[in-house]
Amino acid sequence: MGNEAHPSDLAAMAREVLDEVRYVVLGTIDEDGQTRTSPVYFVPHGYQDLYWVSDPNTHHSRNLERDDRVSGVVFDSTVPPGPRQRAVYVTGTAKEVQADEIAQHLPKAFDPGRGGRAFAAEELTGDADLRLWVLNVHTWEVHIRAGDPIHGSGTDRRVAVDPRA
């Protein structure tokens, strides 16, 4: 198999990163077409959906209300450069969870094992200052270092994976 990536190994790596890392850096699009990045604490559900809580007036929330396309990267910024570096890139669409859908999303959106706390519906609807958001992931890619002893190709690259597999 040479330097070709084994899909199940890379899917497992993507799951580990999504399970272990607490922040995703979201990339949204400003009105003028410029990109905007914002780190948010998130909880994955089935690797398909990433949940976070934000004020609807934050810059990234306003961007997503206008244009739901989003990209993101999940990585551990505390790891020094080298073989332990791992990252998962995600792209998809995001939306604010509406009040009439909140009950079905709350059980998926909070995981006490990840730290943080679970919010109640009344903290995320009506006159509350916060809203629940969900990124529905369409594609996942993992970062492969140029010198990776198994998957390296001499050039850093991204490889498509499906962590649900």
Taking the range 1-34 and keeping only residues that are of a type in the set (S, T, Y) and at pLDDT 95 or above, one is left with Y23, T28
The one condition D148 fails out of (1) out of contact with any strand residue (DSSP E or B) (no Cβ under 7 Å at 6 or more places or on another chain); (2) closer than 26 Å to R62 by Cα; (3) not aromatic (F, W, Y) is (2)
Between E122, E101, E65, which is within 21 Å of G33 (Cα to Cα), of a type outside the set (S, T, Y) and surrounded by fewer than 16 Cβ atoms within 10 Å (Cβ to Cβ)? E65
Restricting attention to the range 131-164, report how many residues are of a type outside the set (D, E, K, R), surrounded by fewer than 16 Cβ atoms within 10 Å (Cβ to Cβ), closer than 30 Å to A103 by Cβ and in contact with a helix residue (DSSP H, G or I) (Cβ under 9 Å, 6 or more places away or on another chain). 0
What pairs come out if I take residues in the range 104-128 that are under 15 Å from R22 (Cα atoms) and pair them with residues that are hydroxyl-bearing (S, T, Y) and surrounded by 11 or more Cβ atoms within 10 Å (Cβ to Cβ) whose C-beta lies under 9 Å away, six or more apart or interchain? A109/Y51; F110/Y51; R114/Y41; G115/Y41; G116/Y41
For the range 97-115 the number of residues that are within 23 Å of S71 (Cα to Cα) and either small (G, A, S) or out of contact with any helix residue (DSSP H, G or I) (no Cβ under 7 Å at 6 or more places or on another chain) (or both) is 7
For the subset of the range 111-141 comprising residues that are touching a strand residue (DSSP E or B) at 6+ places or on another chain (Cβ under 7 Å) and at pLDDT below 95, which member is nearest to R84 (Cα to Cα)? R114
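The values are calculated or read from the model by the stated rules, or taken from the named source; none is laboratory data. Since this is a predicted model, take the numbers as computed values, not measurements. We place every Cβ from the backbone using ideal geometry, glycine too, and count neighbours over all the protein chains shown.
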